[in-house]
């Protein structure tokens with residue numbers, strides 16, 4: 001999302017999306033807490049809308065999702081549902097890095 005200083009934008013998550021996060025690429029935004037370049041924010045679980053107000057010209061990425069009902073296995077570059085899937089995914093990333101993918 002790109003907002004000019006003083007501009008507001010309201011995000012209403014789709015039904016069931018109670019997981020919400022934002023990563024600030026540049027500038028600063030109020031939600032109402034201030035987030036700046038490089039900040040990552042994970043919001044409290046909610047169906048409520050979130051209003052963003054740009055303090056300066058800003059760019060950020062926003063994501064929302066329905067909660068995942070499975071335990072997650074976190075890797076360096078990815079998230080999977082099983083340790084085996086994580087190993088396969090990270091091996092594929094290494095293949096791509098080596099020019100074989």
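Computed from the coordinates by the stated procedures, all read-outs in this text should not be read as laboratory data. This structure is a prediction, so every number in the text was calculated from the model and none was measured. Every residue, glycine among them, receives a Cβ derived from its backbone with ideal geometry; neighbour counts consider all protein chains shown.
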(request) Report, to the nearest 10°, how far helix 83-97 tilts away from the longest principal axis of the Cα atoms in the chain, using its own Cα long axis and a range of 0 to 90°. (result) 90 degrees
(request) Run the quick spin-label model on residue 59 and residue 82: label points 7 Å from Cα toward the beta carbon, then report their separation in nm to one decimal. (result) 3.9 nm
(message) Which one, 39, 57, 71, has the greatest fluctuation when you compute a Gaussian network model over the chain with C-alpha springs under 10 angstrom?
(response) 71
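Cut-off is 10 Å between beta-carbons; in what order do 10, 2 appear when sorted fewest neighbours first? Show your work: numbers first, answer last.
Working: 10 9, 2 13.
Taking fewest neighbouring Cβ atoms as first place, the list is 10, 2.
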(message) Here are labelled values, (i) 0.96; (ii) 1.34; (iii) 1.12, and one is the computed Cα Rg over 2.2 N^0.38 Å for what I pasted. Which one?
(response) (ii)
(request) Using a cut-off of under 13 Å, list every residue of segment 56-80 whose amide N is near the label point 7 Å from the Cα of residue 31 along the Cα-to-beta-carbon line. (result) 59-65
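So, R0 is 35 Å and r is the distance between the beta-carbons of residue 44 and residue 98; what FRET efficiency does that work out to, to 0.05?
Details: r = 41 Å, r/R0 = 1.18.
My answer for the efficiency is 0.25.
So for the chain, averaging the separation of alpha carbon pairs under 8 Å that are six or more residues apart and normalising by length, what relative contact order in percent results?
Relative contact order of the chain: 30 percent.
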